[in-house]
Each structure stands twice: as structure tokens, then as C-alpha cells.
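S.K.: My structure is below; once you've seen it, I'll send some questions.
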Amino acid sequence: MNMTGYNALAIAIIEQAAKDFRAAQRKLRKDPYNIIARRTARETEAFFCSDWFKVLTSVNGPAILKQLKEEFNV
């Protein structure tokens with residue numbers, strides 16, 4: 001895979017994780033006991049702080065997570 005393809009894939013993975021986090025937070029606002037949404041939120045939080053995230057990009061994952069949490073006052 002060339003670097004352009006790799007970069008596009010990395011961006012798509014990160015964007016999907018952000019979408020998943022936002023969707024989970026919206027569900028948790030409606031139902032704080034939603035187990036699936038809670039698990040999704042935990043998994044995406046872990047992703048943004050993971051070594052895998054660091055492999056994908058040099059962007060600061062915890063900073064992105066902080067911004068996402070600020071959107072929902074989490």
C-alpha cells in the first residue's frame with residue numbers, strides 16, 4: 001500500500017472512532033444505563049490513548065479525546 005492509501009485508511013479509522021464516540025454519548029444522554037453505548041464509549045476512549053492510535057498517526061490522541069468529551073461535557 002502506498003503512503004497516500006495508508007494515510008487515507010488511518011484518517012478513516014480515526015474519523016469512525018470519533019463518530020462512534022459521539023453516537024455512544026448521544027445514546028448515553030438518553031439512556032445512561034445503555035450497556036452497549038457505555039462499552040463503545042470506553043473502547044473508543046481506549047483507542048484514542050492506545051499504541052495502535054500512535055501507529056496510525058502522530059496526532060495527539062488524548063487531545064482529540066478531550067475535544068470529543070468537551071462536546072458532551074463528559
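The values are calculated or read from the model by the stated rules, or taken from the named source; none is laboratory data. These figures come from a predicted structure and were not determined experimentally. Neighbour counts run over all protein chains shown; Cβ positions are idealised from the backbone, glycine included. Each accessible area value is taken on the protein alone, full model and side chains, heavy atoms only, with ligands, DNA and RNA left out. Shrake-Rupley method; radii C 1.70, N 1.55, O 1.52, S 1.80 Å.
S.K.: Scan segment 45-74 for residues that are in contact with a helix residue (DSSP H, G or I) (Cβ under 8 Å, 6 or more places away or on another chain), within 21 Å of Leu28 (Cβ to Cβ), part of a helix (DSSP H, G or I) and open to solvent by 60 Å² or more (accessible area, probe 1.4 Å) and report the count.
M.R.: Total satisfying the criteria: 2.
S.K.: Considering only residues that are under 20 Å from Gln67 (Cβ atoms), open to solvent by 60 Å² or more (accessible area, probe 1.4 Å) and not basic (Lys, Arg), which ones fall in segment 24-44?
M.R.: Glu43
S.K.: Further question: Here's a check for you: in segment 12-23, which residue that is farther than 16 Å from Ala63 by Cα and hydrophobic (A, V, I, L, M, F, W, C) is surrounded by the fewest Cβ atoms within 10 Å (Cβ to Cβ)?
M.R.: Here the residue is Ala12.
S.K.: A further question follows. Which members of segment 1-18 meet the condition of being over 16 Å from Ala46 (Cβ atoms) and of a type outside the set (Phe, Trp, Tyr)?
M.R.: The answer is Met1, Asn2, Met3, Thr4, Gly5, Asn7, Ala8, Leu9, Ala10, Ile11, Ala12, Glu15.
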